[in-house]
1. Please count how many residues of the stretch 51-76 are surrounded by 18 or more Cβ atoms within 10 Å (Cβ to Cβ) and charged (D, E, K, R).
2. Name the single residue that is surrounded by the fewest Cβ atoms within 10 Å (Cβ to Cβ) among those in the stretch 20-50 being in a loop (DSSP other than H, G, I, E, B) and touching a strand residue (DSSP E or B) at 6+ places or on another chain (Cβ under 9 Å).
3. Being aromatic (Phe, Trp, Tyr) and crowded, with 16+ Cβ neighbours inside 10 Å is the filter here; which residues of the stretch 77-95 pass it?
4. Residue check: is VAL16 among the aliphatic types (A, V, I, L, M) and either within 22 Å of LEU73 (Cβ to Cβ) or in a strand (DSSP E or B) (or both)?
5. Since ILE77 meets every condition but one in (1) aliphatic (A, V, I, L, M); (2) part of a helix (DSSP H, G or I); (3) at pLDDT below 95, which condition does it not meet?
6. Just to be sure I understand the filter: pairs with C-beta atoms under 9 Å, separated by 6 or more residues or on different chains, first member in the stretch 1-13 and under 20 Å from LYS88 (Cα atoms) and surrounded by fewer than 10 Cβ atoms within 10 Å (Cβ to Cβ), second member at pLDDT below 95 and of a type outside the set (Ser, Thr, Tyr). Which pairs pass?
Amino acid sequence: MREFLAAFFRAYEIPVLTAASAEDALHLWETKADEIRAVVTDIVMPGMNGKALAEKLRADRPAIKIIFMSGYLPAEIAEEALDGVFFKKPFNPSDLLAAIQSGS
């Protein structure tokens, strides 16, 4: 999914950085935060979940756009508690593109 979405965004000339895990995303953030305009993250990942990742990024930059996606939400994470846009898999990549390109 990560590589598919990266290729999809690049086809629309949207620069993309990819990370295989929340830990990798945090390392990217340390060196490239000024280049990152939005973050697309899965909710369920090994180690840190997407909600916790978003909270760490928002501690550094509260206004960063976060887009969550997941095939299911764990019981401890309610969709209403997510501070960002949520896409339930499967979704239309064009809808995700619109969310990335929107001003909100």
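The values are calculated or read from the model by the stated rules, or taken from the named source; none is laboratory data. In this text the structure is predicted, and so the values were computed from the model without any measurement. Quick reminder, even Gly has a Cβ in these numbers, built from the backbone with ideal geometry, and neighbours come from all protein chains shown.
1. Within the stretch 51-76, residues that are surrounded by 18 or more Cβ atoms within 10 Å (Cβ to Cβ) and charged (D, E, K, R) number 1.
2. Filtering the stretch 20-50 for residues that are in a loop (DSSP other than H, G, I, E, B) and touching a strand residue (DSSP E or B) at 6+ places or on another chain (Cβ under 9 Å), the one surrounded by the fewest Cβ atoms within 10 Å (Cβ to Cβ) comes out as ARG37.
3. PHE86, PHE87
4. Values: among the aliphatic types (A, V, I, L, M): yes; either within 22 Å of LEU73 (Cβ to Cβ) or in a strand (DSSP E or B) (or both): no.
So VAL16 fails the test.
5. All conditions are met except number (2).
6. Close Cβ pairs (under 9 Å, with a partner that is at pLDDT below 95 and of a type outside the set (Ser, Thr, Tyr)) amount to PHE4/PRO93.
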